[in-house]
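One structure is given here, and the rest of the page talks about it.
The values are calculated or read from the model by the stated rules, or taken from the named source; none is laboratory data. All figures in this text were calculated on a predicted structure; none of them were measured in a lab. Note that each Cβ is placed from the backbone with ideal geometry, even for glycine, and that neighbours are counted across all protein chains shown.
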Amino acid sequence: MPELPEIETVKLGIESTVLGSVITSTKIFRRDLRFPVDKNFEKLIINKRVLSVGRRSKYLLFFLNKKTILVMHLGMSGKINVSINGVSEYEPSKHDHITMSFDNGVFLIYNDPRRFGFVETIKGDLADYKRFKYMGIEPLSKKFDALHLWSKIKNSSRVLKNIFLDQKVVAGLGNIYVSEALWDSQINPKRTGKKTSLADCKKLVVSIKKVLEKAIKYGGTTLKDFRQIGGEVGYFQNKLQVYGKEGEACCRRKCKGTIEKAVISGRSTFYCATCQK
Ligand SMILES: [Zn+2]
């Protein structure tokens, strides 16, 4: 599943190719995505200009003129292909559900085998958007600091792993980067919110920002030449320290521990019991 850094990378890739351009046509091959595509979708986006491209959690946002926002979510398996040579070279492939042409020649293809993703439009203010109503803080925002986190978790008897997967607490974190951030902060994923001090929250905030920023930086390198050649955006394998490394030696300096896998609420968690307390 793409996590926040992947979506940020998709955002940057899309921004670099369609910012300022007008959507000239769109085709929808399948309307039964996670939520059915509205019958007016095409009408609402055609002939509108992309004023800016944004991201909230794992949602991509195309801010169009006339106060229209196109929301795109890649779900579990979605990706976006960008061709800068337009529709002429396009050969439809399986699971292409939506295509969009822009007046600068860019052609965008939304592909999603499992169809957990969706597209929809909002009119007006993002603050009223139903899917963002209960969404937690953006982890890379300045407002996400130790005090904020502590206020959200200090009375919780849930374990940190579950707290961080809860999108109402922090938006956009998934299984991979929660494992990475907990390892980086040397805090055990099974620790409860109640047993987490303000000082621990400080470490956690630093680690969460650090692992996400590192991954975004890595994703940025996959975008090299993207503007010139287009290509596929959505997934990349950043260098990970613990995720998927069960049985391997912990790579923290001077730690002699081994990475273990635990299943917490049905999700795999990777950690080192020797250095994560
Ligand atoms: Zn260790």
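Side notes on the structure shown:
- Considering 151, 141, the condition of being more than 21 Å from the chain's Cα centre (by Cα) and more than 16 Å from the ligand (Cβ to nearest atom) is satisfied by 151 alone.
- Scanning the range 1-39 for residues that are under 16 Å from the mean Cα position of the chain (by Cα) and not in a loop (DSSP other than H, G, I, E, B) returns 4, 5, 6, 7, 8, 9, 10, 11, 12, 13, 14, 15.
This table checks each residue for (1) in contact (Cβ under 8 Å) with a residue 24 or more places away in the chain; (2) out of contact with any Ser or Thr (no Cβ under 9 Å at 6 or more places or on another chain); (3) crowded, with 21+ Cβ neighbours inside 10 Å.
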position	(1), (2), (3)
67	yes, yes, no
77	yes, yes, no
94	no, yes, no
98	yes, no, yes
110	yes, no, yes
134	yes, yes, no
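- Qualifying position, being closer than 30 Å to residue 30 by Cα, of a type outside the set (A, V, I, L, M) and not in a loop (DSSP other than H, G, I, E, B), among 114, 131: 131
- Selection count where residues are surrounded by fewer than 19 Cβ atoms within 10 Å (Cβ to Cβ) and of a type in the set (A, V, I, L, M, F, W, C), scope the range 202-215: 1
- Put simply, of 223, 182, 212, 204 the only residue that is within 16 Å of the ligand (Cβ to nearest atom) and within 22 Å of the chain's Cα centre (by Cα) is 182.
- Search result, residues across the range 242-256 that are near the ligand (Cβ under 10 Å from one of its atoms) and surrounded by 15 or more Cβ atoms within 10 Å (Cβ to Cβ): 242, 250, 252
- Flag if residue 231 is away from the ligand (no atom under 15 Å from the Cβ), surrounded by 15 or more Cβ atoms within 10 Å (Cβ to Cβ), in the same structural domain as residue 175 (by TED's automatic domain parsing) and not aliphatic (A, V, I, L, M): yes
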